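The values are calculated or read from the model by the stated rules, or taken from the named source; none is laboratory data. If you're wondering where the values come from, they're calculated on a predicted model, not measured in any experiment. Counting neighbours? That spans all protein chains shown, and the Cβs are built from the backbone with ideal geometry, glycine included. Calculation scope for accessible area: heavy atoms of the full protein, side chains included, ligands and nucleic acids excluded. Shrake-Rupley method; radii C 1.70, N 1.55, O 1.52, S 1.80 Å.
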Amino acid sequence: MPTPEEQLAILKHGTDRIISEQELLAKLKLGRPLNVKLGVDPTAPDIHLGFTVGLSKLRQFQDLGHQAILIIGDFTAMIGDPSGRSKTRRQLTHDEVMANATTFKQQAFKILDPAKTRVVFNGEWFEMMTFDAVMKLNARVTMQQMLQREDFKKRIADGEPVHLHEIQYPIMQGWDSVMIRADVELGGTDQLFNCLVGRDLQREEGQSEQVVLLLPLLEGLDGVNKMSKSLGNYVGVAEAPETMFGKLMSITDTLMARYYNLLLCEQAPADMHPMEAKKQLAARIVARFHGEEAGNAARADFELRFSKKDLASAELPSLPLAGLGADIVSVVVAAFGQCFQITKSRGDARRLVEQGSIQLGGEKVSDPKATPAFTAGDVLKLDKTRAVRLA
């Protein structure tokens, strides 16, 4: 077992902020497994790589002998975390949340050791609360505290509503920490306010305050916005190996270095050609969720399709021709949306055509007004990492 100081050095890697390092070191010196909390809301059935940053850090604690506690927010998910949101989330029913939780857990256990993970649903305590208990819990937090949140302030300034049920969210997340007596809470940088509420509530309950370990938010494939299914810039952990590999090969070299750091907890190889480094990154991430054989096969498939220029014999997403329109721009927009769930405007598609990125049947199409003869079986190449077969 590493010493407390050695554990701290391991756990610090890839973090954005720890509140505080001194407190974490003191807890590591207690000589007992720490209760390490990661709360997740199953608002969708599948998780993407952005979720795995927190799961991987939780696995680190697990490997060091600490107790991993995965809180499934079956009650908080019905509210939806307002952190960083410009609008109120759609409210889910409890049945929807529980259905999502089934696949969510299965995918989370591709990273966590299920035998060493304590899974808790926060409905275990919230559904037992009387209205009197809810009022007493709410009385511990002031409206002034809530309105200090940047996301709430901005929405109010922009004339967007902030609904009262959203204000419950950080209080509920904080109470989760009390109920499991968390020593450490993991969260993205957008979770700072919620995690600090947990420290306040624990102190009022006479508990030792949890250490807050904040992790960077993983940018999506666009390299700008937080990875999100709603933005279409995500890599889902349940996606087909070839799809995962192709998406990861589309990222920039700068983003590749960040993915190495946050997803593999290591530095990108400095002495390796960026293309080879990116292929290794993509293959290793595919292997994490689908096995090493699938990672190697996805790489071979990618090289067949793009490195060897042999698209005619490669397995490609199928794009039905019916209803696409006659011009190249319309077809390109449809191909990105239908086959890769990536939203491209007509302006975006027009620029790809003008830049020479689009090929039909191996021939460049550089005129955005072109109306080529689209034939079933033809390969439409969209960029360096994406192509579809017309059907």
In region 339-387, residue least open to solvent (accessible area, probe 1.4 Å) [restricted to those that are within 21 Å of residue 220 (Cβ to Cβ) and among the basic types (Lys, Arg)]: 386
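Of the residues 356, 337, only one is in a loop (DSSP other than H, G, I, E, B) and at pLDDT below 90; which? Can you show your working first?
Numbers: 337 fails: in a loop (DSSP other than H, G, I, E, B).
Of 356, 337, the one residue that is in a loop (DSSP other than H, G, I, E, B) and at pLDDT below 90 is 356.
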Subset of region 241-269 that is outside any helix (DSSP H, G or I) and within 24 Å of residue 301 (Cβ to Cβ) - its residue that is most open to solvent (accessible area, probe 1.4 Å): 252
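Looking at region 318-338, can you tell me whether even one residue there is open to solvent by less than 50 Å² (accessible area, probe 1.4 Å) and of a type in the set (D, E, K, R)? Reasoning before the result, please.
Initial filter on region 318-338 (open to solvent by less than 50 Å² (accessible area, probe 1.4 Å)): 319, 321, 324-325, 327-337.
Checking which are of a type in the set (D, E, K, R) leaves us with 327.
For region 318-338, residues open to solvent by less than 50 Å² (accessible area, probe 1.4 Å) and of a type in the set (D, E, K, R): present.
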Qualifying positions in region 298-315 - of a type outside the set (D, E, K, R), at pLDDT 80 or above and crowded, with 18+ Cβ neighbours inside 10 Å: 298, 302
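Name the residues in region 125-146 that are within 30 Å of the chain's Cα centre (by Cα) and open to solvent by less than 100 Å² (accessible area, probe 1.4 Å), would you?
Initial filter on region 125-146 (within 30 Å of the chain's Cα centre (by Cα)): 125-127, 141, 145-146.
Passing the criteria: 125, 126, 141, 145, 146.
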Tally of residues being of a type in the set (Asp, Glu) and under 15 Å from residue 68 (Cα atoms) across region 163-211: 3
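Quick one: how many residues across region 198-217 are in contact with a Gly (Cβ under 9 Å, 6 or more places away or on another chain) and closer than 20 Å to residue 15 by Cα?
Going through region 198-217, the residues in contact with a Gly (Cβ under 9 Å, 6 or more places away or on another chain) turn out to be 198-202, 209-210, 212-217.
The next check asks that each one be closer than 20 Å to residue 15 by Cα; those that pass are 198-199, 209-210, 212-217.
Residues flagged as in contact with a Gly (Cβ under 9 Å, 6 or more places away or on another chain) and closer than 20 Å to residue 15 by Cα within region 198-217 amount to 10.
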One residue from 213, 281, 255 being closer than 30 Å to residue 35 by Cβ and modelled with pLDDT of 90 or more: 213
Residue tally, condition of a type in the set (Gly, Ala, Ser) and open to solvent by 30 Å² or more (accessible area, probe 1.4 Å), over region 229-240: 3
